[in-house]
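Here is the structure we will look at.
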Amino acid sequence: MEIITGNKSFDLDVFLKKPLFAHLSTLSKEGPRESPVWFYWENEHIYIIRTPSSDTFPGRIKENPECAIGIVDLDHTTGKVLHAGFRGKATVEAFDKKIATRLLERYLGTEEEKWDPRFRGLGDSNILIKFVPETVVVRDQSFIPSI
C-alpha cells in the first residue's frame, strides 16, 4: 500500500482505531454512489458489515470492485481536521462473526446485550466487505478556530 502525505501527516494506525464514520464510494450504472459506514481496520484491510436492512453496495462491489473510502476526524472547537482517503478494491466475503463483533464493539461497547437490537446476534444473513487499499492519502488539515 502506497501512503501519500501532505505537508503534515499523522499516525494512520492510531487514527483508524477511532470509532469514526467512513464514506464508501462505489460505482453504479447511474453513476457514483456514497454510503456512510462503520469500519474496522485490521492487517491493512478495512472491513465493513452489511446488514439485511442496509445499503445495496455489495451488489455494486460485485459488479465493479474498484472503490474509495474517505474518513475524517473533525473537531470544530479545536480546529482538528484529519483526513485519510483510500483507493483500492473491495470484495464481498462470507460473514465472519469474530470480525463483525470487533467492528461493532468499537462503536457500541463490549456488552452485546446493551446494543441496539438491530446489531445483536448477527449471523449469516449479513455480509462482510473486505476493502484492500492500494493507495492512501493522509492529511492533517487542521486550522486555528476563530471562536
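Note that segment 1-127 presents 58 Å² accessible area per residue, ligands and nucleic acids not counted, probe 1.4 Å. Here the chain is scanned for trypsin sites (Lys or Arg not before Pro) in DSSP loops (not H, G, I, E, B) that have at most 13 other Cβ atoms within 10 Å, and the longest stretch holding none of them is 30-119. Taking every alpha-carbon pair under 8 Å whose residues sit at least 6 apart, the chain reaches a relative contact order of 34 percent. Between Arg87 and Glu42, the simple spin-label model (points 7 angstrom out along Cα→Cβ) gives 2.9 nm.
Shape class of segment 63-144 from the Cα gyration tensor (axes a ≥ b ≥ c, square roots of the eigenvalues): oblate, since a/c reaches 1.5 or more and a/b does not exceed b/c. When the chain is treated as a GNM with alpha-carbon contacts under 10 Å, the residue of Ser25, Ser35, Ser125 showing the greatest mean-square fluctuation is Ser125. Between beta-carbons, use under 13 Å as the cut-off and find the net charge around Trp41, counting Lys and Arg +1, Asp and Glu -1. Result for the local shell: +1. Across q = 0.12, 0.30 Å⁻¹, segment 26-79 modelled as identical point scatterers on its alpha-carbon atoms has Debye log10 I(q)/I(0) values of -0.37, -1.35, in the order of the q list. Using a Gaussian network model of the chain in which every pair of alpha carbons under 10 angstrom is joined by a spring, one finds that among Val81, Val14, Val92 the greatest mean-square fluctuation is at Val14.
Could you please state how large a percent of the accessible area of the chain is carbon and sulfur, counting protein chains only and using a 1.4 Å probe? Here it works out to 52 percent.
The charge dipole of segment 37-147, taken about its Cα centre with unit charges on the Cβ atoms of Lys, Arg (+1), Asp and Glu (-1) only, comes to about 140 debye.
What lysines sit close enough to Lys18 to cross-link, taking a C-alpha to C-alpha distance under 27 Å and skipping anything fewer than 8 places away on the same chain? Cross-link targets: Lys8, Lys80, Lys89, Lys97, Lys98, Lys114, Lys130.
The values are calculated or read from the model by the stated rules, or taken from the named source; none is laboratory data. The structure presented is a predicted model; accordingly, all values stated were derived computationally and were not measured. Positions of Cβ are generated from backbone atoms using ideal geometry, with glycine treated the same way; all protein chains shown enter the neighbour counts. Surface areas here come from the heavy atoms of the whole protein model, side chains and all, with no ligands, DNA or RNA. Shrake-Rupley method; radii C 1.70, N 1.55, O 1.52, S 1.80 Å.
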